[in-house]
Amino acid sequence: MKKIAALALLLLSVSGCAAQPTPDTGTQAAASLPARPSASRSIGIAEDGSHNATDVMFLQMMAAQYAPADKLLELAASHSTNEQVKQLAAAIKVTQADEYKQVQAWLTGWGKPLAPDSNPALHAEHGGLPATGQKEIDALAQAAPADFDREFLNLLLGHQHQAVEYARMELTSGVQPQVLEFATRIDSTRSGEIPMMLKLVG
């Protein structure tokens with residue numbers, strides 16, 4: 001548990017300037033992260049703490065990610081044969097459980113639904129709706145032991161890449177200061193996790 005707690009703290013503090021992954025070390029998706037928004041934004045930050053539609057959409061998209069991610073991480077705990085993979089998955093699980101509580105608190109406090117609009121056209125420019133569904137989770141559960149870690153990591157790589165896209169949408173067009181800070185943390189932690197996972201896929 002001490003190792004998992006330490007790794008969870010590392011994931012929270014890891015810098016987004018980690019080495020960039022390349023296509024031949026894992027999934028293509030992880031190698032094509034969108035560019036970070038520039039320091040100059042076309043929209044100001046709401047000093048009064050108010051929010052806009054981008055803040056809401058970002059939090060809803062993140063909320064939609066947490067349930068399938070949690071199922072993937074639970075499978076890693078029971079099926080992985082690699083201790084490094086199991087420790088990484090456990091640390092991510094702890095971090096994301098805390099994140100989900102905060103996301104719920106914001107959306108509930110604003111009187112907004114947790115689920116995003118299901119129209120895929122609304123999400124085409126920021127990574128689409130979460131791609132990991134029950135079909136992928138069931139297939140992973142049935143994977144041969146020799147294939148499990150690779151398949152798990154590739155699924156999680158795509159999942160975390162998508163979270164980076166959501167965060168960068170928020171950093172470009174969101175206005176709520178605390179949510180922008182949260183998006184910065186999401187961008188940093190996921191961008192740091194991706195090279196770790198690509199190395200394990202190796």
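The values are calculated or read from the model by the stated rules, or taken from the named source; none is laboratory data. This structure is a prediction, so every number in the text was calculated from the model and none was measured. Positions of Cβ are backbone-derived with ideal geometry, glycine not excepted, and every protein chain shown enters the neighbour counts. Accessible surface is based on the protein model in full, side chains and every heavy atom, while ligands, DNA and RNA are left aside. Shrake-Rupley method; radii C 1.70, N 1.55, O 1.52, S 1.80 Å.
Side notes on the structure shown:
- For the range 120-145, residues that are open to solvent by less than 70 Å² (accessible area, probe 1.4 Å), at pLDDT below 80 and either part of a loop (DSSP other than H, G, I, E, B) or among the β-branched types (Val, Ile, Thr) (or both) total 6.
- Residues in the range 42-60 that are without any contact (Cβ under 8 Å) to a residue 12 or more places away in the chain and either touching a strand residue (DSSP E or B) at 6+ places or on another chain (Cβ under 7 Å) or in a helix (DSSP H, G or I) (or both): 1 in all.
- Those residues of the range 64-74 which are in contact (Cβ under 8 Å) with a residue 12 or more places away in the chain, under 17 Å from GLN102 (Cα atoms) and open to solvent by 10 Å² or more (accessible area, probe 1.4 Å), in sequence order: ALA64, TYR66, ASP70
- Within the range 96-119, being more than 23 Å from THR189 (Cβ to Cβ) and modelled with pLDDT under 85 holds for ASP117, SER118, ASN119.
- Members of the range 159-190 found to be small (Gly, Ala, Ser), over 15 Å from ASP98 (Cβ atoms) and under 9 Å from the mean Cα position of the chain (by Cα), listed by number: ALA167
- Answer from GLY192, GLY202 - the residue that is surrounded by fewer than 19 Cβ atoms within 10 Å (Cβ to Cβ) and not basic (Lys, Arg): GLY202
- Residues in the range 154-185 that are open to solvent by less than 10 Å² (accessible area, probe 1.4 Å), of a type in the set (A, V, I, L, M) and at pLDDT below 95: LEU156, LEU157, ALA163, VAL164, ALA167.
- Taking the criterion of being on the phi > 0 side of the Ramachandran plot and either in a helix (DSSP H, G or I) or in contact with a Pro (Cβ under 8 Å, 6 or more places away or on another chain) (or both), no residue of the range 61-119 qualifies.
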